[in-house]
Amino acid sequence: MTVIRGATTIPSDTPEEIRKAVKELLEQIESRNDLKRDEIVSLVFSSTSDIHSYYPAKAAREAGFASCSLFSAQEPEIDGGLPLCIRAMLFVGKNSDPKHVYLRGAKILRKDIAGKINIAIDGPAGSGKSTIAEMLARDYNILHLDTGAMYRACAYKADVEDEAAIVDLMKDVKLDVVFESGAQKTLLDGVDVSEDIRKPAVSMAASAVSKHPSVRMHMTEKQREIAGKMSCVLDGRDIGTFVLPEADFKFFLTASPRVRAKRRYDELVQKGYEVDFDELLTEIVRRDEQDSTRALAPLKRADDAVEIDTSDKSIEEVLSEVKKHIQENI
Ligand code: DC
């Protein structure tokens, strides 16, 4: 006896989508495992509790899987679980090495089987990209690389206008990005500067330092190296256009300058900083200008990025839009 696992997702809860997804999943399992239909003894399905409109077992029977015993059940609602997901378990009457099959959004469930994915989230300061990148990475259990933190760390140490001195500094000072329990820590010469680089004064300096081509190339190389090795969500300004033009998914988040300044204001006040809203607004507009007019890899939406204006949306709404797009297109 061999037991084969599989899972897939549907874009919406309709009988038609369930029939299509179940047929596709079973046919893929069959072909990847070189199965004959009458070798399948039993087929068990479970679907997440947001699926109501049809029985996967019935869809399987209609797709021609009728000679085995069929069963479907509903899973409990789990916070953070992959939505609209159908899981299958096939019991096969011969002994072989099972090839499990994960399709569509369910690829996220088994990255070891389905392969690496890179998701690029770009946008100006305060557009919500770091928050969304972090939540997405947590939900998918993949890495979040905050590329802004790398420029911030560089600016924290350097005289931002002196490109030659920065290049020397980058040779002498070791910039490391390490991940502990999925969270990024930025280290300079082994010292954790993750909190210090968030200080308001570092923001403008990071933007200034990031215009130097040699700095950008150095950071880009590090970012490509990390993304080449593992699945991750990268947030920045130039991920979709320059760092990873071949990223599997690209999003570009925007929001009006006032909304972005207000978000930054609330965040800093909560951290105990004394800040002036109008100054923050002016700084955000200046930083946008500086980031989008530099010669190499400016802040810009990639032609194939999905743009989301987050001005009037909650974090949950943006996250669900991003996940829906990924699920429908994976
Ligand atoms: O995302 P952030 O606010 O932490 O980024 C700080 C600055 O770093 C930003 O104003 C421009 C620069 N940056 C960049 O040029 N490219 C990136 N991929 C990320 C950040």
* **Every residue from the range 184-217 that is of a type in the set (D, E, K, R), within 13 Å of the ligand (Cβ to nearest atom) and closer than 20 Å to LYS171 by Cβ** => LYS211, ARG216
* **Residue that is over 23 Å from GLU321 (Cα atoms) and either at pLDDT 85 or above or buried (at least 22 other Cβ atoms within 10 Å of the Cβ) (or both), where the choices are ALA158, ALA125** => ALA158
* Which residues, counting only those in the range 282-311, are away from the ligand (no atom under 15 Å from the Cβ) and in contact (Cβ under 8 Å) with a residue 12 or more places away in the chain? -> ASP304, VAL306, GLU307, ILE308, ASP309, SER311
* Structure fact -> Looking across the range 280-302 at residues that are in contact with a Pro (Cβ under 9 Å, 6 or more places away or on another chain) and surrounded by fewer than 14 Cβ atoms within 10 Å (Cβ to Cβ), the single one that is nearest to ILE326 (Cα to Cα) is SER292
* To do: Would you be able to say whether some residue in the range 40-55 is under 30 Å from the mean Cα position of the chain (by Cα), surrounded by fewer than 16 Cβ atoms within 10 Å (Cβ to Cβ), among the hydrophobic types (A, V, I, L, M, F, W, C) and part of a loop (DSSP other than H, G, I, E, B)?
  => no
* **Criterion: within 16 Å of the ligand (Cβ to nearest atom) and surrounded by 14 or more Cβ atoms within 10 Å (Cβ to Cβ) - qualifying residue of GLU267, GLU321** => GLU267
* ALA106 being within 16 Å of the ligand (Cβ to nearest atom) and farther than 14 Å from PHE249 by Cα -> no
* **Whichever residue in the range 228-250 is part of a strand (DSSP E or B) and over 22 Å from ASP112 (Cβ atoms) and, among such residues, is farthest from the ligand (Cβ to nearest atom)** => LYS250
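The values are calculated or read from the model by the stated rules, or taken from the named source; none is laboratory data. Quick caveat: nothing in here was measured; it's all calculated off a predicted structure. In this analysis, Cβ positions are derived from the backbone assuming ideal geometry, glycine residues included, and neighbour counts consider all displayed protein chains.
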